[in-house]
1. Using modelled amide H (1.01 Å from N, peptide plane; none on Pro or chain starts), what sits under 5 Å from the amide H of G184, excluding residues fewer than 5 places away?
2. Nearest 0.05, what FRET efficiency do K231 and N128 give at R0 = 25 Å with Cβ-Cβ as r?
3. What's the FRET efficiency of H295 with Y321 using the Cβ-Cβ distance as r and R₀ = 51 Å, to the nearest 0.05?
4. By its C-alpha gyration tensor, with a ≥ b ≥ c as the square roots of the eigenvalues, how is segment 399-502 shaped: rounded for a/c under 1.5, else prolate for a/b larger than b/c, else oblate?
5. To make sure I understand the rule: partners must be aspartates and glutamates, Cα under 15 Å from the Cα of K286, and not fewer than 8 residues away in the same chain. Which ones qualify?
6. Just how many pairs of Lys in segment 380-477 have C-alpha atoms closer than 19 Å, counting pairs that are eight or more places apart or on different chains?
7. For labels at T211 and Y478 in the simple 7 Å Cα→Cβ model, what's the distance in nm?
8. Can you flag which of K152/K243; K152/K269; K333/K353; K151/K173; K196/K278; K173/K213 are past 22 Å Cα-Cα?
Amino acid sequence: MIHNKKYFGIILLLLTLAILIILPSIFGSDIAFSRPGGGSSYSGGRSGSGGGGGGDGIGLLIYFLFTVLPPQLSIPVIIAIFVVRFIIQKRRNNENEIISSAPAGYQRYEQNNDIEDKIDMLKKQDPNFSKVLFIDFANLIFIKYYSWFGKKDFKNISPYLLQNEQIKSKNIKIKQDIEEIVIGSTNISDINIYPKITGIAVDIDANFTVTIKGRSTRYAIVERWYFNRNKDVLSPEPDKLRKLACPNCGSTPNFTDAGDCAYCGNHIKNGEMQWYVKTHRVLSQKVFKTKGLAHYEKEQGTDLPTVFQPNLEEHIEAFAYSHGFNNNTWYNKLIDEVVSPYFFNIYEAWSNKNLQSVRNLLSDRLYESFLFWIDSYQREGLTNKLENIDISYVQLVNVDTDKFYDTLTFRVFASCLDYVEDERGKIKGGSVRKSRKFSEYWTFIRKEGVEKNSYDFSTCPNCGAPAEKIGQAGICEYCNSKISNGDYSWVLAIITQDEVYS
Ligand SMILES: [Zn+2]
Ligand SMILES: [Zn+2]
């Protein structure tokens with residue numbers, strides 16, 4: 001009898017452990033319950049009750065164990081549950097740590113190999129399609145969506161959303177503010193060209209702060225956004241796309257609750273003139289932590305073979321032809337006069353926490369992302385120092401041209417001293433003696449047709465005013481032109497770590 005009881009206890013213990021391992025989400029998963037959008041924007045499985053969460057599952061289990069087992073069995077089992085729970089949570093916390101090796105790349109993504117082919121097919125239907133502009137547009141929709149969610153202004157993106165998305169914003173019950181949205185990376189994960197509709201799926205890796213009833217939580221999320229459009233629709237000009245202008249009359253977005261343009265009175269039907277968001281879903285979501293800022297991982301991916309665009313030689317030739325170069329080594333000049341100096345200047349600015357000095361070299365997204373990371377270090381009382389920067393070599397890996405923009409990607413092999421120090425100069429991570437070797441893929445954009453014979457990084461590329469006159473928004477105070485879109489010279493748009501570049 002006693003033996004039977006012991007077996008029963010052991011079996012129950014094993015069962016409990018199995019439940020704990022198979023269903024760890026029962027426990028303390030704040031993330032799954034109080035998420036941005038109050039749960040409504042989360043389409044995977046659970047529909048959150050908003051806040052709290054976790055306690056009921058374990059409470060019930062303990063109650064169950066107490067009622068079915070004698071104390072000499074139930075107490076050890078309950079202790080075991082708590083130990084396992086503690087271990088699981090500890091492991092999960094470690095996974096949640098955001099590891100940063102500055103100044104970029106915190107993202108991992110999958111990309112289908114055939115995306116580039118599909119983009120070529122899309123360009124045949126829509127010669128105005130520009131990958132870089134589309135990604136910018138998707139980012140803008142993402143940012144407006146969350147910063148306006150549940151607010152009056154949300155209607156101003158109504159032509160770009162399917163109605164159910166608008167209803168989500170209207171029906172929100174708990175007031176929330178979503179702020180400090182920083183996009184780490186955006187990648188096209190799929191393109192589908194159907195007889196009547198074209199669809200693009202975009203994976204956005206971002207982090208933002210959600211404030212509900214005065215309590216703020218920062219989340220790191222990856223979401224997949226599905227954009228659709230009727231076939232035979234042409235992409236609008238870059239300016240219209242960037243302003244999210246009325247697709248009918250082109251005026252700045254101002255829409256009634258019914259979704260009619262306040263200027264031209266037109267009701268914009270989804271997909272008739274522009275892309276619209278059909279749906280979006282969360283691929284991963286974690287509470288964002290910056291505690292790991294001084295933590296260094298072993299450098300990965302430096303030895304991986306370079307990922308070259310298929311038929312790169314042909315693209316290099318086509319670029320030379322369309323730009324009137326009489327050789328296929330035109331990119332060597334760019335490596336010497338753009339890639340290398342940008343690299344040195346940007347690394348130095350990062351190390352000195354003086355991004356303003358390179359504002360003219362960075363796209364808006366990259367600048368915002370850098371600013372956020374530097375602030376994160378600062379909040380922890382830390383500085384990431386990069387010294388003795390040396391470039392060993394640079395390879396051109398991708399050439400992409402469309403009607404509006406040239407996009408070039410280079411792989412830069414470099415080394416530097418990379419360490420984190422606190423306010424008193426104490427080293428908290430990295431090394432002041434041993435150089436760290438690494439490689440990164442740097443993607444530059446520039447407006448089609450803007451040629452330059454020489455580059456001066458200290459001035460506005462349009463009017464020649466000192467570069468410090470270029471404000472946070474990337475607009476020159478003197479000539480009032482937006483520099484950070486690459487409309488006047490090359491701008492660094494994306495940095496991808498070698499282990500995730502594909
Ligand atoms: Zn209009
Ligand atoms: Zn200017």
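1. D205, A206, N207
2. Numbers: r = 14 Å, r/R0 = 0.57.
Efficiency for this residue pair is about 0.95.
3. Working: r = 48 Å, r/R0 = 0.95.
That gives a FRET efficiency of 0.60.
4. On the way: a/c = 2.83, a/b = 1.50, b/c = 1.89.
In terms of gyration-tensor shape, oblate.
5. K286 reaches D30, E95, E97, D205, E223.
6. Working: K385/K426; K385/K428; K385/K434; K385/K437; K403/K447; K403/K452; K426/K434.
For segment 380-477, qualifying lysine pairs total 7.
7. 3.9 nm
8. Details: K152/K243 18 Å; K152/K269 20 Å; K333/K353 29 Å; K151/K173 12 Å; K196/K278 15 Å; K173/K213 12 Å.
As for pairs spanning more than 22 Å Cα to Cα, those are K333/K353.
Quick note: the coordinates plus some simple rules give every number you see, no bench work behind them. Here the structure is a predicted model, which means the values were calculated and not measured. As a convention, Cβ positions derive from the backbone with ideal geometry for all residues, glycine included, and neighbour counts pool all protein chains shown.
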